[in-house]
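Undergrad: Take a look at this one; I'll ask things after.
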Amino acid sequence: MRKALRGLLVLTVLIGTLSTAGTATAVQPEAHGTTGTTGTTGTADDSKDILDRLLAVPGMSLVQEKPYTGYRFFVLNYTQPVDHRHPSKGTFQQRITVLHKDTARPTVFYTGGYNVSTTPSRREPTQIVDGNQVSMEYRYFTPSRPEPADWSKLDIWQAASDQHRIFQALKPIYGQKWISTGGSKGGMTATYYERFYPRDMDGVVAYVAPNDVVNDEDSAYDRFFAQVGTKECRDRLNAVQREALVRREPLEKKYAAYAADNGYTFTTVGSLDKAYEAVVLDYVWGFWQYSLLKDCDTIPADAAHASDDDIWNSVDTISGFSFYTDQGLEPYTPYYYQAGTQLGAPTIHFPSIEKKYVRYGYQSPRTFVPRSIPMKFRPSAMRDVDGWVRRHAHHMLFVYGQNDPWGAERFRLGSGARDSYVFTAPGLNHGANVAGLVADEKALATARILDWAGVAPAAVRANPSVARPLARFDAKLDRRDTERDMTLRP
């Protein structure tokens, strides 16, 4: 899933933000009422009060308000310490958004693990519980990056502590139950947050969250690619991937012209040749991550006799030749830094391609991060989280897609888990969700989310099979992010 900040504040502001929870508690509660078509709670004056209350939180400032029918939507900046262990050593502005419905409703805390969208949207748990939604931009994704950036402060504990402080700041305003959620790297983030701050959330819904416990042992991915989908589809994909390497010379000439026309450079990855191979080796993974089995019909059926343009276009559509350029990689430097220091990254083999055609193989995250940024891998981080989930998971739901490569290494529950679940959506990819589960698991997952959020109707408590989302589907508000993440980035 490869494709997908502001200056320091003065010390007096920092001192104020570090007492956020206590200060925010003193703010008077807003009147509760029926959410109208303007997104207000009660009267128009009451609706203005929610912004007043948000801005009364020390360190919170308004970037923009974008009303949406039935809600109010705010883009905000929140002052965070660069280092939560030493908060006096500088701050940065972290971008968050608030989709406000009613303070009497539960709140969903969402992060995708990357940049935050500034367009109103509602994640699946938010629709299920008909609640508010707070969304957080992950630290070091611009503009939520300290300047200058001390990359050693980009780790899963610091990011979890960002969420913890946001929760502490907003819980006095949104006083009902909270559910954390996220997809892919966001699902990982929700899990790490629960591991470090298990008393904050009332439930966790983690979608398609990879769990690379032992970074050097990735045979699960090879087994996945040997059996996913159908043999006919696998053969088509493997043939196109192989052919792209066989035709390396003419297609790299096309790549060089493409790069020149668009001003693309290859300093970080090292050469156009390394970038080309990286794109091609992403091809099969990228197809299964974002496509469905029926989409195999779009793959050239006879790669050996396909034109160069057909091979190029198929690889470009799925992998994206722009991604491993300096310009394509730069926004994702924080992800590759984390993959190379804590998260781990997959390595797979290519049995259908002769070794003479593969010069570099899957390249490590170090390849995709500028050499000016030091990196050292810490293998204990994922082992710690995995062990904690197995022993202590409580009110946690993990959802995976059957045909998603990232699910080959997933979170699993142990004997210490309580009221927690791992479900797999048949035939689905990296976009798997509760709605895609088989009927009984879909109903159970929906019922548990409603219960964790404190809004399960009596009928659902008595019979989970009747559980349904409390809010109607909104084709605009509930659509998935339109920007597609590139391959091999969770």
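The values are calculated or read from the model by the stated rules, or taken from the named source; none is laboratory data. Quick caveat: nothing in here was measured; it's all calculated off a predicted structure. Neighbour counts are summed over all protein chains in view; Cβ atoms, including those assigned to glycine, are modelled from backbone coordinates with ideal geometry. With ligands, DNA and RNA removed, areas are computed over all heavy atoms of the protein, side chains included. Shrake-Rupley method; radii C 1.70, N 1.55, O 1.52, S 1.80 Å.
Undergrad: Could you list, in sequence order, the residues of the stretch 379-425 that are basic (Lys, Arg) and within 18 Å of the chain's Cα centre (by Cα)?
TA: The answer is 410, and nothing else.
Listed here are the residues, each with its yes/no results for (1) part of a helix (DSSP H, G or I); (2) open to solvent by 10 Å² or more (accessible area, probe 1.4 Å); (3) closer than 17 Å to residue 283 by Cα; (4) among the β-branched types (Val, Ile, Thr).
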site	(1), (2), (3), (4)
347	no, yes, yes, yes
350	no, yes, yes, no
363	no, yes, yes, no
372	no, yes, no, no
376	no, yes, no, no
381	yes, yes, no, no
385	yes, no, no, yes
389	yes, no, no, yes
397	no, no, no, no
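Undergrad: Being open to solvent by 10 Å² or more (accessible area, probe 1.4 Å) and at pLDDT 95 or above: is that true of residue 357 here?
TA: yes
Undergrad: Restricting attention to the stretch 444-470, and to residues there that are in a loop (DSSP other than H, G, I, E, B) and under 23 Å from the mean Cα position of the chain (by Cα), which single residue is nearest to residue 106 (Cα to Cα)? Quick ask: steps written out before the conclusion?
TA: Step one: filter the stretch 444-470 for residues in a loop (DSSP other than H, G, I, E, B), giving 453-457, 463, 467-470.
Applying the additional criterion that residues be under 23 Å from the mean Cα position of the chain (by Cα) yields 453, 469.
Values: 453: 6, 469: 13 Å.
Going through the qualifying residues, I end up with 453.
Undergrad: For the stretch 445-490: of the residues being open to solvent by 30 Å² or more (accessible area, probe 1.4 Å) and under 21 Å from residue 404 (Cβ atoms), which is modelled with the lowest pLDDT?
TA: 482
Undergrad: Condition check: open to solvent by 40 Å² or more (accessible area, probe 1.4 Å), in contact with a helix residue (DSSP H, G or I) (Cβ under 8 Å, 6 or more places away or on another chain) and either of a type outside the set (Phe, Trp, Tyr) or modelled with pLDDT under 95 (or both). Does residue 248 satisfy that?
TA: No.
Undergrad: Are any residues in the stretch 282-314 surrounded by fewer than 18 Cβ atoms within 10 Å (Cβ to Cβ) and in a helix (DSSP H, G or I), and if so, which ones?
TA: The answer is 293, 294, 295, 297, 298, 304, 305, 308, 309, 310, 313.
Undergrad: Output the number of residues of the stretch 93-146 satisfying the condition of being under 24 Å from residue 191 (Cβ atoms), of a type outside the set (D, E, K, R) and not in a loop (DSSP other than H, G, I, E, B).
TA: Summing the residues that are under 24 Å from residue 191 (Cβ atoms), of a type outside the set (D, E, K, R) and not in a loop (DSSP other than H, G, I, E, B) in the stretch 93-146 gives 19.
Undergrad: Starting from residues that are closer than 13 Å to residue 78 by Cβ and among the basic types (Lys, Arg), keep the ones in the stretch 126-171 and report whichever is least open to solvent (accessible area, probe 1.4 Å).
TA: If we take residues in the stretch 126-171 being closer than 13 Å to residue 78 by Cβ and among the basic types (Lys, Arg), then 139 is least open to solvent (accessible area, probe 1.4 Å).
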